[in-house]
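Engineer: One structure follows; several queries about it will come next.
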Amino acid sequence: VTHWERETAAEHKGETGTSFWRTFEQGNIRVRRIEYSPGYLSDHWCPRGHVLLVLEGEIIIDLKDERTFKLTPGMSFQVSDDEDNPHMARTDQGAKVFIVD
């Protein structure tokens, strides 16, 4: 059981904006609740696999192959754990997401 409000939020700067991660990690699983500030843009392409669920706001996922997905509350994004699917996140208005990886 994870009480997310009891987890300390760690600040992660993007190329622009900031994200705040509340993380539970045990064994080979990591679960995060992340809040992205308005204007956030990731500072790297990520090859790690994720299952992402949007809780609030809107987030855009860009794939290196130039596909783009706009996600709103209740939508999820799944990507495999390999070098063939690098992706990054950005948001104009800010977002709260739940990620399992």
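Engineer: Scan 35, 58, 25 and give me the residue that is among the acidic types (Asp, Glu) and more than 18 Å from residue 101 (Cα to Cα). Outline the logic, then answer.
Structural biologist: Values: 35 fails: more than 18 Å from residue 101 (Cα to Cα); 25 fails: more than 18 Å from residue 101 (Cα to Cα).
Step by step, each of 35, 58, 25 is checked, and only 58 is among the acidic types (Asp, Glu) and more than 18 Å from residue 101 (Cα to Cα).
Engineer: Under 8 Å by Cβ, and 6 or more places apart or on different chains, what pairs join a residue from region 10-36 that is without any contact (Cβ under 8 Å) to a residue 40 or more places away in the chain with one that is open to solvent by 50 Å² or more (accessible area, probe 1.4 Å) and of a type in the set (A, V, I, L, M, F, W, C)?
Structural biologist: 10/20; 10/21; 11/20; 12/20; 12/21
Engineer: Is it fair to say residue 78 is touching a residue at least 24 places away in the same chain (Cβ under 8 Å) and not basic (Lys, Arg)? Give the steps one after another, and end with the answer.
Structural biologist: On the way: touching a residue at least 24 places away in the same chain (Cβ under 8 Å): yes; not basic (Lys, Arg): yes.
Judged against the criteria, residue 78 is a match.
Engineer: Could I ask something else about it? Might you check whether a residue that is within 12 Å of the chain's Cα centre (by Cα), aliphatic (A, V, I, L, M) and at pLDDT 95 or above occurs anywhere in region 28-36?
Structural biologist: Yes, the conditions are met somewhere in region 28-36.
Engineer: Out of all the residues in region 86-101, which are free of Cβ contacts under 8 Å to residues at least 60 places away in the same chain, assigned to a loop (DSSP other than H, G, I, E, B) and open to solvent by less than 40 Å² (accessible area, probe 1.4 Å)?
Structural biologist: 86, 94
Engineer: Let me ask something additional. Only residues that are of a type in the set (Ser, Thr, Tyr) and under 19 Å from residue 18 (Cβ atoms): list them for region 31-69, please.
Structural biologist: Taking region 31-69 as the starting set, the residues that turn out to be of a type in the set (Ser, Thr, Tyr) are 36-37, 40, 42, 68.
Within region 31-69, 36, 37, 40, 42 meet the criteria.
Engineer: Here's something else I'd like to know. For region 42-57, how many residues are outside any strand (DSSP E or B) and touching a Gly at 6+ places or on another chain (Cβ under 8 Å)?
Structural biologist: Residues meeting the conditions: 2.
Engineer: Can you find, within region 31-54, the residue that is nearest to residue 91 (Cα to Cα) among those that are in contact with a Pro (Cβ under 8 Å, 6 or more places away or on another chain) and open to solvent by less than 80 Å² (accessible area, probe 1.4 Å)?
Structural biologist: We begin by selecting, within region 31-54, every residue in contact with a Pro (Cβ under 8 Å, 6 or more places away or on another chain); these are 45-47, 54.
If we keep only those that are open to solvent by less than 80 Å² (accessible area, probe 1.4 Å) as well, we get 46-47, 54.
Values: 46: 16, 47: 19, 54: 12 Å.
Residue satisfying both the conditions and the ranking: 54.
Engineer: Right, next: Is it fair to say residue 82 is open to solvent by 60 Å² or more (accessible area, probe 1.4 Å) and outside any helix (DSSP H, G or I)?
Structural biologist: So residue 82 fails the test.
Engineer: Determine whether region 58-74 contains at least one residue that is among the charged types (D, E, K, R), touching a helix residue (DSSP H, G or I) at 6+ places or on another chain (Cβ under 6 Å), part of a strand (DSSP E or B) and open to solvent by 40 Å² or more (accessible area, probe 1.4 Å). Lay out the reasoning, then the answer.
Structural biologist: First, pick out the residues of region 58-74 that are among the charged types (D, E, K, R): 58, 62, 64-67, 70.
Those left that are additionally touching a helix residue (DSSP H, G or I) at 6+ places or on another chain (Cβ under 6 Å): none.
No, there is no match, as no residue in region 58-74 is among the charged types (D, E, K, R), touching a helix residue (DSSP H, G or I) at 6+ places or on another chain (Cβ under 6 Å), part of a strand (DSSP E or B) and open to solvent by 40 Å² or more (accessible area, probe 1.4 Å).
Engineer: Where residues in region 1-30 are part of a strand (DSSP E or B), of a type in the set (Val, Ile, Thr) and open to solvent by 60 Å² or more (accessible area, probe 1.4 Å), which of them is farthest from residue 57 (Cα to Cα)?
Structural biologist: Applying the filter and picking the extreme gives 29.
The values are calculated or read from the model by the stated rules, or taken from the named source; none is laboratory data. All values derive from a computational prediction rather than experimental measurement. Methodologically, a virtual Cβ is constructed for each residue, glycine included, from the backbone with ideal geometry; neighbour enumeration extends over all protein chains shown. Note: accessible area is taken over every heavy atom of the protein model, side chains too, but ligands, DNA and RNA are not part of it. Shrake-Rupley method; radii C 1.70, N 1.55, O 1.52, S 1.80 Å.
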